[in-house]
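Since the structure comes first, as structure tokens, the remarks are kept for the end.
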Amino acid sequence: MAERVEQRLEDRIPELEQLERVGLFTHKEIRAVLRKASALEYKIQRRALRKEDFINYIQYEVNLLELIKKRRARIGYSFKKDEIEHSILHRVHSLFNRATGKWKDDVQLWLSHVAFCKQWNAKHQLSKVFSTMLAIHSNKPALWIMAAKWEMETRLSSESARHLFLRALRFHPECPKLYQEYFRMELMHAEKQRKEKKEFEQAKMDLGEFNYSEEILNGEMARIVYRDASQKIKGVEFQLAVLSIAKLFDFTQDLQKEILESLQARYADDPLTWDYMARRELELGSLQPTEHSTKQKKVSEMAQREERCCAVFDEAVGAVPTEDMWKCYITFCLERYNRKTNSEELKQKRLERTLSVFSKAHESNLLSEALYKQWLQLLLDSSLSEKAVEVAEAATRHFSQSVETWQMRLQVLIQLKRDDVTQCFEEAIKHVKSKGTLPLWTLWVEWSEGTNSKEDTEALYQRSLHATTPAESVTMKEMYLDWTYRSSGYKKVKRLFTSLCENHPFSLDFFRKMIQIEKEQESCKMLHLREYYERALREFGSTNIDLWLDYIKEELSHPQGKPENCGSIHWRAMKMLQGDLVEDFVSKYTLLQTGHL
């Protein structure tokens, strides 16, 4: 191993001598580089190889390259690159090859090599990397696409990119993304050839030796890709994705027409098809020149285009009366309503249209829970409070088991300060199963705190403890404790704490809240703090280190504390804590003793 390391270090000497001779590095720096390189070489020559050692070595070499680059720029020296950088680049590629050969499955390692090749413009090497990587990771379409894009965009080789896409499709014959990118590549190739031909014609050059096929120029290759893909890949999403790519090129009108006809013929019952056809009316209108139009005319044209969109959507909900179709219609209306406009008339028209569509969807019983929420928000924002109450009631009729829907209705009633809030809470609790009702109870007690008498609120807290599940009652206990302290003071909260401790379960915050309350008192008694800590440790002493440490700190810092108790508390903690927590506790306790915690 030592001989191999020495040989590799000797191989470095010519480049290091050049670095010193041309003044990029000092003799001291060269010696430091050799020492570091020696240490890194020994690590990658061991029997038990570690990936991190290779990564560290590569990173060191990359940093060295960057430093050389900066020093060259600083002193304005640009010669001897073959003797210096070329040698380092060759070594980095060799390290990457060894690492990827050993850890073939690590895609990130391969991608790092790709990124390095791109950064240092090593095109020939990158071609080899892609070839080897794809032979091993042929099951990853994203890597095929990356390689094909590089061939197309960097090496300007449409033929190589096409070859890669065809190979990829043999492995992934039903991958939509591969077909989309292949389709895009063929259109880019056609556009490139069209530009070349135009430039030749403008230069009045003879095109005899150049063969520009009219079919390729018109995007026939892309059409073939599309037809093949549409037979294998079903779904409107793919058709729309391909159509959006075709629209980026100005010579694809016929191709767009074919895709659109296929879309309408094969997916006439899909809401996304109708959604696209309706939104297309906006684009068709925007193609008209409007440079010399007045603001009023522009507003009028926009209103007309939106009306045409809505006409298509109206037809759609008649042809495909589903929840998803109404969702598409409502989403469109909300998008248009949320668009900024200086025309109050247009904004009002959009609001009326949106509310009307919501009402129609509701009448058809095809409005989802999420859309009811959006409808309510829109009504409240528009100050239509009475209508909001009606809609909230209708939502709870449709989704009577949903906690979120009842919560939404209650929030509307509370916001509007209605008299029937309590009645609605009672109705909600009756309809919803006990599990999961915590949001309703927290909302109810929070409302009651600001509205009802102390007695009514306390009765409500007591009721909530029995009505919620044991796990949910933990939160209610914390809230009850906090409210009692705020409303009735220390003596009452202390009695409540003792009472609540009779019924499990508890949370750590429940005990910490009581400890904090005790500390806030002018005559804070250590006796009481010990009681609260002891109760908390009975519940959480086996799993919580900080609780033990806080107890010890309290004994040390409180005027009535007994530092001699710390040894006993430490011994109990060591007995009670589980697993690795003992070691963590010992570390933190040591820091506490030395004043570092």
Candidate set: the range 349-404, residues that are open to solvent by 50 Å² or more (accessible area, probe 1.4 Å), of a type in the set (S, T, N, Q) and within 30 Å of the chain's Cα centre (by Cα); chosen: the one farthest from V317 (Cα to Cα) = Q377
Identify all residues within the range 578-593 that are open to solvent by less than 80 Å² (accessible area, probe 1.4 Å) and without any contact (Cβ under 8 Å) to a residue 24 or more places away in the chain; write none if there are none.
-> G579, V582, V586, S587, T590, L591
Per the filter on the range 508-530, residues of a type in the set (D, E, K, R) and exposed (fewer than 14 other Cβ atoms within 10 Å of the Cβ) are K519, E520, E522, K525
Among the candidates S448, S473, S507, single out the residue that is touching a helix residue (DSSP H, G or I) at 6+ places or on another chain (Cβ under 6 Å), closer than 22 Å to V412 by Cβ and of a type in the set (S, T, Y).
-> S448
Does the range 117-127 contain at least one residue that is more than 30 Å from K149 (Cβ to Cβ) and out of contact with any His (no Cβ under 6 Å at 6 or more places or on another chain)?
-> no
For E335, which of the numbered conditions (1) open to solvent by 60 Å² or more (accessible area, probe 1.4 Å); (2) in a helix (DSSP H, G or I); (3) in contact (Cβ under 8 Å) with a residue 12 or more places away in the chain fails to hold?
-> (3)
Per the list (1) in contact with an Asp or Glu (Cβ under 9 Å, 6 or more places away or on another chain); (2) open to solvent by 60 Å² or more (accessible area, probe 1.4 Å); (3) over 30 Å from I224 (Cα atoms); (4) at pLDDT 95 or above, residue check on E83 breaks on (4)
Would a scan of the range 141-159 turn up a residue that is crowded, with 20+ Cβ neighbours inside 10 Å, part of a helix (DSSP H, G or I), in contact (Cβ under 8 Å) with a residue 60 or more places away in the chain and under 27 Å from the mean Cα position of the chain (by Cα)?
-> no
Residues of the range 21-40 that turn out to be open to solvent by less than 70 Å² (accessible area, probe 1.4 Å), farther than 28 Å from E52 by Cα and of a type outside the set (A, V, I, L, M), as a count | 1
Among residues belonging to the range 531-562 that are basic (K, R) and assigned to a helix (DSSP H, G or I), point out the one that is surrounded by the most Cβ atoms within 10 Å (Cβ to Cβ).
-> R535
Kindly indicate which of W120, W150, W103 is of a type in the set (A, V, I, L, M, F, W, C) and under 30 Å from E20 (Cβ atoms).
-> W120
Could you list, in sequence order, the residues of the range 108-123 that are under 15 Å from E61 (Cβ atoms), of a type in the set (A, V, I, L, M) and free of Cβ contacts under 8 Å to residues at least 12 places away in the same chain?
-> A115
Of those in the range 104-140 that are open to solvent by less than 60 Å² (accessible area, probe 1.4 Å) and outside any helix (DSSP H, G or I), the residue farthest from C175 (Cα to Cα) is W120
Checked pairs for the range 350-377, first basic (K, R), second surrounded by 16 or more Cβ atoms within 10 Å (Cβ to Cβ), C-beta under 7 Å and 6 or more apart or across chains, list as R350/R336; R350/Y337; R353/C310; R353/C333; K373/M408
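The values are calculated or read from the model by the stated rules, or taken from the named source; none is laboratory data. Not measured: the values here are computed from a predicted model. Note that each Cβ is placed from the backbone with ideal geometry, even for glycine, and that neighbours are counted across all protein chains shown. Heads up: the accessible areas ignore ligands, DNA and RNA and are worked out on the full protein's heavy atoms, side chains in. Shrake-Rupley method; radii C 1.70, N 1.55, O 1.52, S 1.80 Å.
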